[in-house]
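Accompanying notes for the structure given below.
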Ligand code: PGA
């Protein structure tokens with residue numbers, strides 16, 4: 001299996017001032033773990049402080065979103081080059097909260113993913129069904145459509161820089177985690193979808209699970225065949241709790 005990737009999505013939490021104390025605490029707590037890739041996505045305003053606070057640690061930085069445009073008259077937007085200059089290696093695209101509140105479509109998700117890949121960054125592309133989708137037995141159909149739409153135009157060669165996050169919307173911030181078996185069922189389908197799109201390269205794309213991942217359920221989720229990491233919201237806001245999720249993904 002490829003190296004697991006555990007990412008923190010702070011959402012609209014953690015100011016630059018708070019980041020200054022969070023960063024060294026997380027860096028110290030995961031310093032001895034080298035078989036897990038650790039990524040933190042602070043709000044844009046806290047990224048620079050995070051970079052300084054993580055110092056020489058192996059923790060990677062991510063944007064929570066990015067513009068598909070290179071520069072220009074796009075008030076409020078942040079470009080790939082701006083994130084890269086601050087040291088970001090990744091950016092999350094297509095998070096369900098952006099799909100819901102900002103009307104983000106699969107076409108924009110794909111444009112953003114392509115802009116990141118062209119700019120030497122790695123997209124974390126989020127997919128996931130709503131509770132209504134699940135109740136109507138449409139989970140795999142919805143997730144496959146998001147995958148095909150959100151990854152449109154991505155080549156098999158570029159797929160090696162891709163991360164996909166499966167986040168059932170009904171599990172985000174609700175304390176209701178998908179059971180490991182139920183998550184694996186969708187992850188297996190996502191894996192097949194990636195192989196259909198990218199051939200062999202689809203086998204190596206890391207697929208994160210997200211939705212109420214906590215220190216006490218992380219190990220069971222990580223033990224599933226096609227779960228290669230986690231995207232963690234609420235439980236990432238405390239460095240000790242995020243570090244114990246990272247530890248659950250480590251084989252040491
Ligand atoms: P949660 O958020 O861990 O708070 O459920 C996950 C996410 O939205 O990425």
(message) I'd like the full set of residues that are touching a strand residue (DSSP E or B) at 6+ places or on another chain (Cβ under 6 Å) and either within 16 Å of the ligand (Cβ to nearest atom) or in contact (Cβ under 8 Å) with a residue 60 or more places away in the chain (or both), limited to segment 92-117.
(response) 92, 93, 94, 95, 109
(message) If I ask for residues that are farther than 14 Å from residue 191 by Cα and surrounded by 14 or more Cβ atoms within 10 Å (Cβ to Cβ), which ones from segment 129-144 would you list?
(response) 129, 130, 133, 134, 138, 139, 142
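What residue, among those in segment 185-217 that are touching a residue at least 60 places away in the same chain (Cβ under 8 Å) and in contact with a strand residue (DSSP E or B) (Cβ under 6 Å, 6 or more places away or on another chain), is surrounded by the fewest Cβ atoms within 10 Å (Cβ to Cβ)? Working first, answer last.
Keep residues of segment 185-217 that are touching a residue at least 60 places away in the same chain (Cβ under 8 Å), which gives 190, 204, 206, 208, 210-211.
Next cut, in contact with a strand residue (DSSP E or B) (Cβ under 6 Å, 6 or more places away or on another chain) only: 190, 206, 208, 210.
Numbers: 190: 23, 206: 20, 208: 25, 210: 28.
Restricting to residues being touching a residue at least 60 places away in the same chain (Cβ under 8 Å) and in contact with a strand residue (DSSP E or B) (Cβ under 6 Å, 6 or more places away or on another chain), the top hit is 206.
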(request) Only residues in segment 164-184 that are on the phi > 0 side of the Ramachandran plot count as the first member; pair them with residues that are within 8 Å of the ligand (Cβ to nearest atom) and outside any loop (DSSP other than H, G, I, E, B), Cβ under 7 angstrom, at least 6 apart or cross-chain, and list the lot. (result) 173/234
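Computed from the coordinates by the stated procedures, all read-outs in this text should not be read as laboratory data. Just so it is clear, the model here is predicted, and its values are computed rather than measured. Cβ coordinates were reconstructed from backbone atoms using ideal geometry, including for glycine residues, and neighbour counts include every protein chain displayed.
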